[in-house]
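The values are calculated or read from the model by the stated rules, or taken from the named source; none is laboratory data. In this text the structure is predicted, and so the values were computed from the model without any measurement. Quick reminder, even Gly has a Cβ in these numbers, built from the backbone with ideal geometry, and neighbours come from all protein chains shown.
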Amino acid sequence: MTKGLKHCVIIGDPVEHSLSPIIHNAGYIALGISDKYQFTALRVSPKEIKNFIAELRTSDIVGVSCTVPHKELVLPYLDEIDEVATEIGAINSIVNDNGHLKGFNTDWVGAVEPLIKLVDLKNKNVAVLGAGGAARAFVYGLKKSGANVTILNRTLEKAKSLAIQFASEFLPLSDQAKIAQADIICNTTSVGLNDPLSSPIGPNILNSSQIVFDAVYSPQKTKLLKDAESAGSKIIYGSEMLLFQAYEQFKLFTGLEAPEKAMRQAMEENLHE
Ligand code: ATR
């Protein structure tokens with residue numbers, strides 16, 4: 001790490017393929033602050049997380065982006081957790097203010113902003129597929145925006161506990177009839193990740209009045225999104241979530257508005273089909 005710079009890092013395990021350094025560094029260049037800020041990826045295993053956090057306090061790292069598996073693991077080591085992140089139960093950003101570590105969650109912004117650009121979420125029926133960490137951010141954001149949410153998950157118990165926390169409905173993922181009736185379908189399961197032939201739902205339940213948002217962004221056009229496109233649905237790529245949460249995170253780490261166009265361009269140039 002270069003001395004005298006303010007460093008930001010993304011930690012994860014694995015983390016090598018993260019697009020976050022490319023997106024944030026493009027933002028620094030666009031604002032002319034790349035001589036002050038630098039964003040890098042750092043592989044930190046769950047075993048190393050406690051030490052990493054201890055060393056973070058006296059380091060010149062001002063911002064930490066957390067990805068799998070750290071979003072919940074780091075919570076006990078922080079000094080403060082913002083109210084929204086507490087409600088979601090996970091963080092994806094840590095701000096280091098001279099040794100005081102505060103956790104935030106910007107994933108929910110990434111979940112909701114791409115949808116709000118297309119539709120007013122109030123009273124819309126939304127099917128959220130999955131009940132893991134990503135689902136928590138989606139459900140929080142959707143409920144806050146006034147949507148009616150049904151959580152559908154392979155393991156029904158997990159859907160139930162999330163549904164109770166966020167006053168939503170829950171069903172097994174196999175309940176395709178409910179998904180067919182939804183105005184919006186958000187996939188937060190890992191089905192389709194690095195697997196262009198798998199989708200969490202069958203193609204026949206999709207229709208042209210629906211919006212389908214897949215949080216999976218590798219590949220960019222998942223089987224679910226291909227099926228949705230064939231059915232005439234509007235589609236939202238997972239990379240939109242990545243980008244909108246990054247805009248919010250950029251603001252947290254630098255105190256500056258994110259240069260959205262430059263950050264989007266950098267991401268699009270580096271996305272894989
Ligand atoms: P993340 O933090 O990315 O949300 P996670 O917390 O591990 O990851 O959650 C993964 C989600 O994908 C879960 O909802 C999981 O369903 P279960 O709760 O039943 O495990 C879902 N998932 C993973 N593989 C799946 C599969 N083959 N079919 C259906 N759902 C699957």
### Query
When only residues in the range 235-268 that are assigned to a helix (DSSP H, G or I) and among the small types (Gly, Ala, Ser) count, which is farthest from Ser18 (Cα to Cα)?
Ala262
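Taking the range 58-90, which residues are within 16 Å of the ligand (Cβ to nearest atom), under 17 Å from Ser18 (Cα atoms) and surrounded by 20 or more Cβ atoms within 10 Å (Cβ to Cβ)?
Taking the range 58-90 as the starting set, the residues that turn out to be within 16 Å of the ligand (Cβ to nearest atom) are 65-75, 85, 88-90.
Those left that are additionally under 17 Å from Ser18 (Cα atoms): 65-71.
Matches in the range 58-90: Ser65, Cys66, His70, Lys71.
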### Filtered residue count, the range 164-183, keeping only those that are farther than 26 Å from Asn204 by Cβ, within 15 Å of the ligand (Cβ to nearest atom) and in a helix (DSSP H, G or I)
1
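Check every one of the helices (runs of 4 or more DSSP H) wholly within the range 65-140 and list those with 1 or more residues that are closer than 25 Å to Ile179 by Cβ and within 13 Å of the chain's Cα centre (by Cα).
Details: elements: 70-73, 83-88, 107-116.
Passing ranges, in order: 83-88, 107-116.
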### Task
Pull up the range 184-202, narrow it to residues that are aliphatic (A, V, I, L, M) and in contact with a strand residue (DSSP E or B) (Cβ under 6 Å, 6 or more places away or on another chain), then point me to the one that is farthest from the ligand (Cβ to nearest atom).
Ile184
### Task
Quickly run through the range 118-149 and pick out the residues that are within 18 Å of Ser209 (Cα to Cα) and β-branched (Val, Ile, Thr).
Val119, Val126, Val128, Val149
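Which residues, counting only those in the range 192-205, are closer than 13 Å to Pro219 by Cβ and either more than 19 Å from the chain's Cα centre (by Cα) or modelled with pLDDT of 95 or more (or both)? Steps first, please.
Step one: list which residues in the range 192-205 are closer than 13 Å to Pro219 by Cβ, which gives 192-199.
Result: Gly192, Asp195, Pro196, Leu197, Ser198, Ser199.
Mind listing just one residue for me: the one in the range 1-24 that is charged (D, E, K, R) and either touching a Leu at 6+ places or on another chain (Cβ under 7 Å) or assigned to a loop (DSSP other than H, G, I, E, B) (or both) and, of those, surrounded by the fewest Cβ atoms within 10 Å (Cβ to Cβ)? Spell out how you get there, then give the answer.
Narrowing the range 1-24 to residues charged (D, E, K, R): 3, 6, 13, 16.
After this cut, where a residue has to be either touching a Leu at 6+ places or on another chain (Cβ under 7 Å) or assigned to a loop (DSSP other than H, G, I, E, B) (or both) as well, the list is 3, 13, 16.
Numbers: Lys3: 5, Asp13: 17, Glu16: 8.
Among those residues, the one meeting the criterion is Lys3.
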## Note on the structure
With criteria (1) in a helix (DSSP H, G or I); (2) free of Cβ contacts under 8 Å to residues at least 60 places away in the same chain, Ile29 comes up short on (2)
### Query
Is it true that Val139 is of a type in the set (Val, Ile, Thr), within 10 Å of the ligand (Cβ to nearest atom) and modelled with pLDDT of 95 or more?
no
### Message
Of the residues Gln165, Gln181, only one is within 20 Å of the chain's Cα centre (by Cα), surrounded by fewer than 17 Cβ atoms within 10 Å (Cβ to Cβ) and either at pLDDT 95 or above or among the acidic types (Asp, Glu) (or both); which?
### Response
Gln165
### Query
When you look at Gly99, is it closer than 30 Å to Leu56 by Cα, crowded, with 21+ Cβ neighbours inside 10 Å, more than 15 Å from the ligand (Cβ to nearest atom) and not hydrophobic (A, V, I, L, M, F, W, C), yes or no?
no
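Before we move on, is Asn270 modelled with pLDDT under 95, away from the ligand (no atom under 16 Å from the Cβ), at negative phi and surrounded by fewer than 23 Cβ atoms within 10 Å (Cβ to Cβ)?
Values: modelled with pLDDT under 95: yes; away from the ligand (no atom under 16 Å from the Cβ): yes; at negative phi: yes; surrounded by fewer than 23 Cβ atoms within 10 Å (Cβ to Cβ): yes.
Here the answer is yes, as Asn270 does meet what is asked.
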### Message
Quick check on Gly202: is it surrounded by fewer than 15 Cβ atoms within 10 Å (Cβ to Cβ), in contact with a helix residue (DSSP H, G or I) (Cβ under 9 Å, 6 or more places away or on another chain) and not basic (Lys, Arg)?
### Response
yes
### Query
Can you name the number of the only condition in (1) part of a helix (DSSP H, G or I); (2) under 30 Å from Phe253 (Cβ atoms) that Thr189 fails?
(1)
### Query
Within the range 212-224, can one find any residue that is touching a Pro at 6+ places or on another chain (Cβ under 8 Å), within 16 Å of the ligand (Cβ to nearest atom) and assigned to a helix (DSSP H, G or I)?
yes
### Query
From the list Lys158, Lys122, which one is of a type in the set (Lys, Arg), more than 16 Å from Met241 (Cα to Cα), within 11 Å of the ligand (Cβ to nearest atom) and at pLDDT 95 or above?
Lys158
